[in-house]
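Take a look at the structure below.
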Amino acid sequence: MVDTTPLTRAVEHFADKLRAAPQSRLQRGAAAEALGLARELARWAQAVEEPGAESREMPDAGMFAVADQITVAGNDLAVVLKNDAEVGDAVRLVEEAQKRAGV
């Protein structure tokens with residue numbers, strides 16, 4: 001079994017930062033960055049769970065929902081990852097998105 005704890009921690013950390021961020025920071029791009037990450041993580045999980053199926057896009061539920069969206073997408077992905085290298089790749093995606101978001 002793969003230890004996905006590093007991914008869930010990274011996702012929770014980013015989500016907590018988003019929840020604590022002022023609205024102005026979310027409006028200046030942090031929310032858009034987080035939504036992009038949530039969509040990327042969701043696509044990845046879908047590709048593993050349903051190879052060859054048409055990808056569905058996570059909807060934009062608004063800037064105050066993005067923390068929950070990355071949490072859901074990150075946890076969904078954690079369930080289907082197959083090895084430590086994939087976990088490492090996912091953690092890097094989360095950390096890079098958090099840096100770009102500035103939170």
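It is to be established whether one or more residues within segment 49-61 are open to solvent by 30 Å² or more (accessible area, probe 1.4 Å), in a helix (DSSP H, G or I) and either among the aliphatic types (A, V, I, L, M) or in contact (Cβ under 8 Å) with a residue 24 or more places away in the chain (or both).
Among the residues of segment 49-61, at least one is open to solvent by 30 Å² or more (accessible area, probe 1.4 Å), in a helix (DSSP H, G or I) and either among the aliphatic types (A, V, I, L, M) or in contact (Cβ under 8 Å) with a residue 24 or more places away in the chain (or both), which makes the answer yes.
Hey, can you tell me all the residues within segment 70-103 that are under 12 Å from P6 (Cα atoms) and among the acidic types (D, E)?
Once the filter is applied, which keeps residues that are under 12 Å from P6 (Cα atoms) and among the acidic types (D, E), segment 70-103 yields D84, E86, D89, E95.
Please name all residue pairs, on different chains or six or more residues apart, with Cβ atoms under 9 Å, provided the first residue is in segment 1-24 and is closer than 18 Å to A85 by Cβ and among the basic types (K, R) and the second residue is assigned to a helix (DSSP H, G or I) and modelled with pLDDT of 95 or more.
R9/V91
Sort out which residues of segment 79-98 are surrounded by fewer than 21 Cβ atoms within 10 Å (Cβ to Cβ) and under 13 Å from the mean Cα position of the chain (by Cα), and write them in order of number.
Result: D89, V91, R92, L93, E95, E96.
This table checks each residue for (1) under 10 Å from the mean Cα position of the chain (by Cα); (2) assigned to a helix (DSSP H, G or I); (3) at pLDDT below 95.
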| position | (1), (2), (3) |
| --- | --- |
| P6 | no, yes, no |
| A10 | yes, yes, no |
| G29 | no, yes, no |
| A34 | yes, yes, no |
| A38 | yes, yes, no |
| Q46 | no, yes, no |
| M63 | no, no, no |
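The values are calculated or read from the model by the stated rules, or taken from the named source; none is laboratory data. Predicted model, so just to flag it, every value in this text is computed and none were measured. All Cβ positions, glycine included, derive from the backbone under ideal geometry; neighbour counts span all protein chains shown. To get the accessible areas, we keep the full protein, side chains included, count just its heavy atoms, and leave off ligands, DNA and RNA. Shrake-Rupley method; radii C 1.70, N 1.55, O 1.52, S 1.80 Å.
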